[in-house]
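A short write-up of the structure that comes next.
The values are calculated or read from the model by the stated rules, or taken from the named source; none is laboratory data. This structure is a prediction, so every number in the text was calculated from the model and none was measured. In this analysis, Cβ positions are derived from the backbone assuming ideal geometry, glycine residues included, and neighbour counts consider all displayed protein chains. In case anyone asks, the SASA skips ligands and DNA or RNA and just uses the protein heavy atoms, side chains included. Shrake-Rupley method; radii C 1.70, N 1.55, O 1.52, S 1.80 Å.
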Amino acid sequence: MAYLLGLDAGNTMVKAVLFSIDGVELAVAEKGGSTRHPRPGHVERDLDELWACAAAAIRGCIARAGIDPAEIAAIGCAGHGNGLYALDRDRQPLMGIQSIDVRAGGLVERWNRDGTTDRICRLALQRPWAAQLPTLLSHIRETDPETFARIGTAFTCKDYIAFRLTGEVASDETDMSGAACLKLPEGRYDDELLAAYGLEGCGGILPPVHRSSAVTGRVTARAAADAGLAAGTPVVGGLFDVIASALGSGVVRTGAASLVAGTWSINQVIVDEPIRDNPPFITSVYEGTRFMEVEASATSAANLEWFMREWVAPEADAAERPYDMVNRLAGTVKPSADLPIFHPFLFGAGDDAAARAGFFGLAGWHQRADLMFSLFEGVAFGHRAHVDNLRHRGITVEDAVLSGGGARSRVWSQIFADVLNLPVTVTRCQETGALGAAMVAGVGAGIFPDFAAAAARMVVVDRAHEPDAAAAEIHDRRYGVYTTLVEALRPHWKRWGS
């Protein structure tokens, strides 16, 4: 019997999920690590602890599945993109900077003023931002040249885990393009791009770039002992986690859209040619010859987590979980012009870090259920704004697959369909990032010829939501109010905290 192991490493948690080649989830284990804030704006993690978490998750997963680790045909890793994970010149752990770090914000503001941003955007087809890998490298080179001189390898979270598994330095095309390290559409390192970042002569610290399904190494004896694996198990290049979630949702054809309602609002569409004029937030290579255009911001299900933590959990009935309570109450509300409007900007907006959240249009007759429904709707409005940005760039979106925590709610999934006025499907597997990583491992092991074949075998649709015409019309009018309020409030957001 052959199995595929997918790893999904976020900013705090590493998950290991074992799948059959038919996509059946056999076991899952996760291990969370700690985050350090040594200075304001700095968000870091210990790399030895990261590997310990990954190894513990793998051991736990294999133990729960009760299989012989020699039956694992291949391993794929997915992980949060960007940030900066670095080895020193002796290939020892040096630093782990997470993708929510903002220490380089001032550098990006300077680049926006002096034209550097335009140069980078022309070459990498995306704008620089604070936690991008090359932006962080440039910041460290300017502010801490002694530490910069010690860097031997600079790559991403999942690349570090793969390095600990195999002892090989490598990355894949989705992570390096998604981090704006590659010139696009060529998909290669470029001296002019490095110079735009202020990283002339530093190309040697970036890892070799492989196809996501290419075998880049095999599990070493030491890693096998740490993680309970069989030495020699193939490890493939892996995936940027948002791309892994798309693949794990079965999004493989050109024009197909993937929405991820997690901490971040991820909205992405596969295209044959990248957008060169006014490109979106992220452009990533997809399966070698195509591209994923991504619009994203931290405006999605994190809003619900906050609402439940602060306003629901303290008063929830012991017989009903807070999440179930929220869904039950939101499901009792129908869309109407009278409901409050919610802005999902608890952690800023994609184009404005100063943005603030809020409920607007509250009246004395509104109840908690109304606020819950409005929060669901407001998050969906945030996704719609990103989808509309992709549409305005000439991308046609005809349907979408929804994944992430928000997809677990039938009520919320239907709201997405109505707000976007699109058919929305939800797949059976909830661990779509790990499944996508396992799928590319299956391609690398020769089990599947390509991504499409892996999706056809391993991805199963759980349910489909068709938009309700009457609800869609109401949401569309309310979305007009939502956007009008955004523009009216923009000048006032910076007043908070000043």
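Does the range 155-179 hold any residues that are closer than 15 Å to residue 291 by Cβ and touching a helix residue (DSSP H, G or I) at 6+ places or on another chain (Cβ under 6 Å), and which are they?
Taking the range 155-179 first, the residues closer than 15 Å to residue 291 by Cβ are 172-179.
174, 179 - these are the residues of the range 155-179 that are closer than 15 Å to residue 291 by Cβ and touching a helix residue (DSSP H, G or I) at 6+ places or on another chain (Cβ under 6 Å).
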Does any residue in the range 427-442 that is on the phi > 0 side of the Ramachandran plot and outside any helix (DSSP H, G or I) come within less than 9 Å, Cβ to Cβ, of a residue that is crowded, with 24+ Cβ neighbours inside 10 Å and modelled with pLDDT under 95 six or more places away or on a different chain, and which pairs are these?
none
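Residue by residue, here is whether (1) buried (at least 22 other Cβ atoms within 10 Å of the Cβ); (2) over 26 Å from residue 495 (Cβ atoms); (3) without any contact (Cβ under 8 Å) to a residue 40 or more places away in the chain holds:
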position: 269; (1), (2), (3): yes, yes, no
position: 278; (1), (2), (3): no, yes, no
position: 289; (1), (2), (3): no, yes, yes
position: 299; (1), (2), (3): yes, no, no
position: 336; (1), (2), (3): no, yes, no
position: 339; (1), (2), (3): no, yes, no
position: 352; (1), (2), (3): no, no, no
position: 359; (1), (2), (3): no, no, yes
position: 378; (1), (2), (3): yes, no, no
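Of everything in the range 322-334, what is surrounded by fewer than 21 Cβ atoms within 10 Å (Cβ to Cβ) and β-branched (Val, Ile, Thr)? Give them in sequence order. Can you show your working first?
Of the residues in the range 322-334, the ones surrounded by fewer than 21 Cβ atoms within 10 Å (Cβ to Cβ) are 322-325, 327-329, 331-334.
The answer is 332, 333.
Yes/no per residue for (1) over 20 Å from residue 77 (Cβ atoms); (2) within 26 Å of the chain's Cα centre (by Cα):
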{"residue": "149", "(1), (2)": "yes, no"}
{"residue": "161", "(1), (2)": "no, yes"}
{"residue": "170", "(1), (2)": "no, yes"}
{"residue": "197", "(1), (2)": "yes, yes"}
{"residue": "200", "(1), (2)": "yes, no"}
{"residue": "214", "(1), (2)": "no, yes"}
Test residue 424 against the stated conditions and say whether it is touching a residue at least 24 places away in the same chain (Cβ under 8 Å), over 15 Å from residue 372 (Cβ atoms) and among the hydrophobic types (A, V, I, L, M, F, W, C).
yes
Looking at the range 443-474 only, could you name the residues that are outside any helix (DSSP H, G or I), open to solvent by 80 Å² or more (accessible area, probe 1.4 Å) and more than 22 Å from residue 408 (Cα to Cα)?
449
If we keep just the residues of the range 1-33 that are assigned to a loop (DSSP other than H, G, I, E, B) and open to solvent by 60 Å² or more (accessible area, probe 1.4 Å), which is farthest from residue 455 (Cα to Cα)?
12
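Filter the range 475-498 for residues that are part of a helix (DSSP H, G or I) and of a type in the set (S, T, N, Q); which is surrounded by the fewest Cβ atoms within 10 Å (Cβ to Cβ)?
Taking the range 475-498 and keeping what is part of a helix (DSSP H, G or I), we get 475-493.
The next check asks that each one be of a type in the set (S, T, N, Q); those that pass are 483-484.
Numbers: 483: 14, 484: 11.
The extreme case among them is 484.
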Filtered residue count, the range 264-277, keeping only those that are assigned to a strand (DSSP E or B) and either among the aliphatic types (A, V, I, L, M) or at pLDDT 95 or above (or both):
6
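Take the residues in the range 50-89 that are of a type outside the set (A, V, I, L, M), closer than 28 Å to residue 147 by Cβ and out of contact with any Lys or Arg (no Cβ under 6 Å at 6 or more places or on another chain), then tell me which one is most open to solvent (accessible area, probe 1.4 Å). Before the answer, list the steps.
First, pick out the residues of the range 50-89 that are of a type outside the set (A, V, I, L, M): 51, 53, 59-61, 64, 66, 68-69, 71, 76-77, 79-83, 85, 88-89.
Next, only the ones that are closer than 28 Å to residue 147 by Cβ stay: 51, 53, 77, 79-83, 85, 88-89.
The next check asks that each one be out of contact with any Lys or Arg (no Cβ under 6 Å at 6 or more places or on another chain); those that pass are 80-83, 85, 89.
Numbers: 80: 8, 81: 9, 82: 2, 83: 0, 85: 0, 89: 165 Å².
Top of the filtered list is 89.
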Find the residue count for the range 278-300, including only residues that are closer than 16 Å to residue 394 by Cα, in a strand (DSSP E or B) and among the polar types (S, T, N, Q).
1
